[in-house]
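Heads up, the thing below is written out as structure tokens.
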Amino acid sequence: MGSGHSPCASCKLLRRRCTKDCTFAPYFPSDDPHKFAIVHKVFGASNINKMLQELPVHQRADAVSSLVYEANARVRDPVYGCVGAISYLQNQVSQLQMQLAVAQAEILCIQMQQDQPPMLPPSMEAISDHDLIDNDKSIFYENNMIPQYLNYSSSNSNNVIHDSLKRESFFGHDMHVS
Amino acid sequence: MNPGRCAACKYLRRRCPRDCIFSPYFPPTNPHRFSCVHRIFGASNVGKMLQQLPVHLRTEAAETLYYEAQCRIENPVYGCVGIITQLHEQINDAEKELARAQAQIAVHRHDPHLQPKQQQQEEFQVEASEPAAITDSSWLEQNEFDSSALLSPLDSTWFL
């Protein structure tokens, strides 16, 4: 203080002389007394000093920022502090990963359906029941080939997509079901 | 000296009174636990923080203080905050992936017979028109986190 420069926030709070090489001065300016007050309340000046001394100078600003953040979190939530935020974010990550897994499974389903060769050539799709001889028709219906295949490729895939979209809308996505 | 002292009183080399604030949360079987919190927070601060809480919340508080202290020892620059940053990045990445997957699904719904090259172009258009929710990464400047939205305390095995 004899040199004329104003003491930093920490030396003001601790009521001591603020030297030229004060560890706290670069990070706790006198115009923001609350910043040091809160880290002092949670960690204590001595511990902060030790922590900063153990770090290279170029990392101290980040360390102070994170200490201030943690101290604020602890004051706001004396039981969980920062850990509350971690818990909340972890839940978000889990939910997103679940949604992603559902979407990726759906894509896989779609791709598998597209990779399957059609059981009938395209020209046959346009043939109505009336064009078929009764014998031929009975072969298809008895073996249940056409209805099963068509159900799987059209309505089943629509159901899969529809259900997944329902799930997505539950999670808050707006998707239009055609 | 009383052989039944808690880890805190052993560490501080003092008598462990019957109503010791530390003893329920810092048993003598785990001396590392108290030495961690002492190194980061200091015995006096930990004692004050626990005293200010109702008894039924002190176990959780001691647990989270220990967790934060461990994080700070592991990562002296960022501590717990480093983990929060990583989680925000994971959320960001997962949201982008999800948007991409949903765009792909939307394109397939729109035209199931699309060729791969056309499909990529359509997906790009769908993604561009429906941006994924972007997590705000300036959380360090925000002091508005609402901890009342929390569901459950952290599973301590996650840290290991």
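The values are calculated or read from the model by the stated rules, or taken from the named source; none is laboratory data. Note that the structure is predicted; figures quoted are calculated from it, not measured. Neighbour counts run over all protein chains shown; Cβ positions are idealised from the backbone, glycine included. Calculation scope for accessible area: heavy atoms of the full protein, side chains included, ligands and nucleic acids excluded. Shrake-Rupley method; radii C 1.70, N 1.55, O 1.52, S 1.80 Å.
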Legend entry - Residue identified as out of contact with any helix residue (DSSP H, G or I) (no Cβ under 6 Å at 6 or more places or on another chain), touching a residue at least 24 places away in the same chain (Cβ under 8 Å) and of a type outside the set (Lys, Arg) among B:THR64, B:THR29, B:THR59: B:THR59
Inset, instruction - Scan the stretch B:53-106 for residues that are over 30 Å from A:VAL102 (Cα atoms), open to solvent by 20 Å² or more (accessible area, probe 1.4 Å) and assigned to a helix (DSSP H, G or I) and jot them down. - result: B:VAL55, B:HIS56, B:LEU57, B:ARG58, B:THR59, B:GLU60, B:GLU63, B:TYR66, B:GLN70, B:ILE73, B:GLU74
Inset, instruction - Output the qualifying pairs, or none if there are none: Cβ atoms under 7 angstrom, residues six or more apart or on different chains, first residue in the stretch A:88-100 and at the interface with chain B (Cβ under 7 Å from one of its Cβ atoms), second residue surrounded by 16 or more Cβ atoms within 10 Å (Cβ to Cβ) and among the β-branched types (Val, Ile, Thr). - result: A:LEU89/B:ILE84; A:LEU89/B:ILE91; A:GLN92/B:ILE91; A:VAL93/B:ILE91; A:LEU96/B:ILE91
Inset, instruction - Looking only at the stretch B:147-157, decide whether some residue is more than 21 Å from the chain's Cα centre (by Cα) and modelled with pLDDT under 95. - result: no
